[in-house]
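Heads up: the structure comes next, in structure tokens.
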Ligand code: NAD
Ligand code: UDP
Ligand code: UDP
């Protein structure tokens, strides 16, 4: 049994990771300031004697005793990370420094939830880990993209300078139950709009692409990376390489929900990447990992989750 710290544990990915690690017989300490996450995501774990939840902001130092750290704290959706951009950069950068300091004192492995956003609006398609990206450092997405890039720099400098065991994971768009219905992301927006019979808001002409990974696949990859051979640092892409346009995504959601919603076209947000698709050969070779859940199947489960959520609110 290990004692495992998850920062951002009350969020979408953190709540799934907490549940998996508890089920595998570990003790889990979640640290979260509830900025975008919620206690509700963890309600089924709160009575577990091996689970502990601490309200704490990772921009401040944290002194606890644990065996592994998963550093997930950071708002992940554009409307949330752009709401207070200075705090977003602080969370990524100061959060990384504090958690790396903690890992250094305890001499324990630490995993960073990095992102495909480090590739920016990519000019190389699909994206291998060796691609250095095309990020606008002064744009409205930069607080997130550059914060995550700086966190990667800190991870590799602690690795080189202090011999820390680091694992850097570049996560591509992920969806599933426990997504926040109000976070403005495309999967949650389209599903909620379809279920309510409202217009589906396509930004731009809808030909931009994303590659969507179902949450259980993502969590499998994350745990495999944390427990991968010593010295394997990544960065490693974890995502589903099947690429879809936003129009295709909308059509699938309309078809599964049987909704009568119409598509409407709105302005494309600034610096919105045109395309995104991971190359996952490294994850296949080093972690023996690849995604298993098709978009159609994952969307069905996610739509069911949102349907229940909606009926509880009505
Ligand atoms: P989320 O917003 O649901 O979860 C983030 C959690 O971090 C929330 O519970 C929030 O309250 C907490 N948090 C934010 N700032 C904090 C701070 N200063 N101190 C303590 N807690 C803080 O997002 P998510 O989708 O679960 O993403 C988790 C991680 O994975 C993030 O680091 C995100 O950048 C990364 N990621 C996610 C995706 C995705 O598609 N979901 C893609 C790429 C990367
Ligand atoms: N830190 C922490 N918990 C610990 C150890 C360190 O939060 O258990 C913080 C510490 O406050 C510092 C940061 O991590 O701000 C980086 O620590 P490090 O030892 O690398 O740097 P230093 O303390 O020398 O600045
Ligand atoms: N998007 C959209 N309608 C929405 C929300 C998002 O067309 O209601 C588009 C958005 O412009 C982007 C894609 O969907 O091109 C994915 O957006 P999301 O915010 O989910 O993720 P990210 O841009 O961070 O990959």
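The values are calculated or read from the model by the stated rules, or taken from the named source; none is laboratory data. All figures in this text were calculated on a predicted structure; none of them were measured in a lab. Virtual Cβ from ideal backbone geometry, glycine too; neighbours counted across all protein chains shown.
At a glance:
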| quantity | calculated |
| --- | --- |
| Top-ranked residue of segment 87-129 - restricted to ones that are within 16 Å of ligand 2 (Cβ to nearest atom) and part of a strand (DSSP E or B), ranked as surrounded by the fewest Cβ atoms within 10 Å (Cβ to Cβ) | 110 |
| Condition broken by residue 183, with the remaining ones in (1) within 14 Å of ligand 1 (Cβ to nearest atom); (2) at positive phi satisfied | (2) |
| Residue in segment 53-64 that is farthest from ligand 3 (Cβ to nearest atom), counting only those that are assigned to a loop (DSSP other than H, G, I, E, B) and loosely packed, with under 15 Cβ neighbours inside 10 Å | 63 |
| Subset of segment 30-52 (residues that are outside any loop (DSSP other than H, G, I, E, B) and either surrounded by fewer than 19 Cβ atoms within 10 Å (Cβ to Cβ) or within 16 Å of ligand 3 (Cβ to nearest atom) (or both)) | 39, 40, 52 |
| Hits in segment 269-291 (condition: at pLDDT below 95, more than 14 Å from residue 126 (Cβ to Cβ) and surrounded by 13 or more Cβ atoms within 10 Å (Cβ to Cβ)) | 269, 271, 272 |
| Of residues in segment 1-25 being away from ligand 2 (no atom under 16 Å from the Cβ) and in a loop (DSSP other than H, G, I, E, B), the one nearest to residue 49 (Cα to Cα) | 25 |
| Single residue of 234, 176, 239 found to be surrounded by 22 or more Cβ atoms within 10 Å (Cβ to Cβ) and closer than 16 Å to residue 14 by Cα | 176 |
| All strands (runs of 3 or more DSSP E) inside segment 199-314 with 3 or more residues being near ligand 3 (Cβ under 10 Å from one of its atoms) and either touching a helix residue (DSSP H, G or I) at 6+ places or on another chain (Cβ under 7 Å) or at positive phi (or both) | 200-203 |
| Neighbours by Cβ (under 7 Å, 6+ apart or cross-chain): first from segment 20-42, in contact (Cβ under 8 Å) with a residue 40 or more places away in the chain; second away from ligand 1 (no atom under 15 Å from the Cβ) and not in a helix (DSSP H, G or I) | 21/4 |
| The one condition in (1) away from ligand 3 (no atom under 16 Å from the Cβ); (2) closer than 27 Å to residue 312 by Cα; (3) out of contact with any strand residue (DSSP E or B) (no Cβ under 8 Å at 6 or more places or on another chain) that residue 104 fails to fulfil | (2) |
| Residues of segment 100-112 satisfying the condition of being out of contact with any helix residue (DSSP H, G or I) (no Cβ under 7 Å at 6 or more places or on another chain), closer than 27 Å to residue 280 by Cα and within 15 Å of ligand 1 (Cβ to nearest atom) | none |
| Extreme residue, farthest from ligand 2 (Cβ to nearest atom), among residues of segment 193-231 that are surrounded by fewer than 19 Cβ atoms within 10 Å (Cβ to Cβ) and within 19 Å of residue 305 (Cα to Cα) | 197 |
| Residue tally, condition surrounded by fewer than 19 Cβ atoms within 10 Å (Cβ to Cβ) and under 15 Å from residue 174 (Cβ atoms), over segment 245-260 | 0 |
| Some residue of segment 225-247 being within 16 Å of ligand 1 (Cβ to nearest atom), under 24 Å from residue 119 (Cα atoms) and out of contact with any strand residue (DSSP E or B) (no Cβ under 7 Å at 6 or more places or on another chain) | no |
| Number of the condition not met by residue 137 [criteria: (1) part of a loop (DSSP other than H, G, I, E, B); (2) within 18 Å of residue 37 (Cα to Cα)] | (2) |
